[in-house]
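Undergrad: Just dropping this structure here.
The values are calculated or read from the model by the stated rules, or taken from the named source; none is laboratory data. Bear in mind that the values here come from a model prediction, so they are computed numbers and not experimental data. Cβ placement follows ideal geometry from the backbone for every residue including glycine, while neighbour counts extend to all protein chains displayed.
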Amino acid sequence: MSRTTQRNTPRSPWRSRGARLAVPVAAIAAAATACGGSAGSGGAAHRPAVPVAASSSPSTANAGGTIATAKVGNLGQVLVDGQGRTLYLFEKDQGGKSSCSGACAAVWPPVTTTGKPHAGSDAKASKLGTTTRSDGTTQVTYAGHPLYYYAPDGTTKGSAKGEGLNQFGAGWDVLAPSGQKVEKSGS
């Protein structure tokens, strides 16, 4: 009769279920943080990048969506989507093309559309446009700036947690109805 002997060595932490799940999450967080920048000279506090699954990314309505304006905190009138979610520009974008994909787009989801975007309250229809992203989706632009959400804002109206951050190699700012970036008072 053969008997299997059991080792008296402790089980490797890499073999536990929790550790197996933690490794990919930690790797994603490390990659996103490595891509992020530090606080710029504007004095904005650096917040680490927070990976968010692309499937939870907000987007404008399928047929085109609405870009409007709303008063957001001490920032004044800024661009929002039809549900009141704050929109941002990325200072690294050039020539109306997005420079944010992969881990960046997980934290800063692009505002996408399947049709022509519409101007809502105080947004200027003449400033609305679209650009084709590297993945083939259509991203909404305003005054030539591709538009983004900040995932930690979630679906909360009036949240602008991304204002003034420096992540993924450049700054992020909300936009005024003129298409110019808005910076916090005192920045």
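Undergrad: So, Gly144, is that one surrounded by fewer than 16 Cβ atoms within 10 Å (Cβ to Cβ), over 16 Å from Thr66 (Cβ atoms) and touching a Gly at 6+ places or on another chain (Cβ under 6 Å) or not?
TA: Spelling it out, Gly144 is indeed surrounded by fewer than 16 Cβ atoms within 10 Å (Cβ to Cβ), over 16 Å from Thr66 (Cβ atoms) and touching a Gly at 6+ places or on another chain (Cβ under 6 Å).
Undergrad: Then there's this: Could you give every pair whose Cβ atoms fall below 6 Å, whose first residue belongs to the range 162-183 and is within 11 Å of His145 (Cβ to Cβ) and in a loop (DSSP other than H, G, I, E, B), and whose second residue is at pLDDT 95 or above and hydrophobic (A, V, I, L, M, F, W, C), counting only separations of at least 6 or pairs across chains?
TA: Filtered contacts from the range 162-183: Gly179/Ala143.
Undergrad: Can you name every residue in the range 147-165 that is farther than 12 Å from Val78 by Cβ and crowded, with 20+ Cβ neighbours inside 10 Å?
TA: Within the range 147-165, Tyr148, Tyr149, Tyr150, Ala151, Gly164, Leu165 qualify.
Undergrad: Being in contact (Cβ under 8 Å) with a residue 12 or more places away in the chain, out of contact with any Phe, Trp or Tyr (no Cβ under 8 Å at 6 or more places or on another chain), under 16 Å from Gly169 (Cβ atoms) and assigned to a strand (DSSP E or B) is the filter here, so list the residues in the range 89-116 that pass it.
TA: Scanning the range 89-116 gives a single hit, Lys97.
Undergrad: May I ask you to list the residues in the range 101-118 that are among the polar types (S, T, N, Q) and surrounded by fewer than 19 Cβ atoms within 10 Å (Cβ to Cβ)? Before you say what the answer is, go through the steps one by one.
TA: Taking the range 101-118 and keeping what is among the polar types (S, T, N, Q), we get 101, 112-114.
Across the range 101-118, the qualifying residues are Ser101, Thr114.
Undergrad: Somewhere in the range 52-63, is a residue crowded, with 20+ Cβ neighbours inside 10 Å and modelled with pLDDT of 95 or more?
TA: Within the range 52-63 (the criterion being crowded, with 20+ Cβ neighbours inside 10 Å and modelled with pLDDT of 95 or more), the answer is no, since none of the residues qualifies.
Undergrad: Another question, then. Please indicate, with yes or no, whether at least one residue in the range 117-133 is free of Cβ contacts under 8 Å to residues at least 60 places away in the same chain, assigned to a loop (DSSP other than H, G, I, E, B) and within 17 Å of the chain's Cα centre (by Cα).
TA: yes
Yes/no matrix, rows are residues, columns are (1) basic (Lys, Arg); (2) within 15 Å of Val107 (Cβ to Cβ):
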| site | (1), (2) |
| --- | --- |
| Ser121 | no, no |
| Arg133 | yes, no |
| Asp153 | no, yes |
| Gln167 | no, yes |
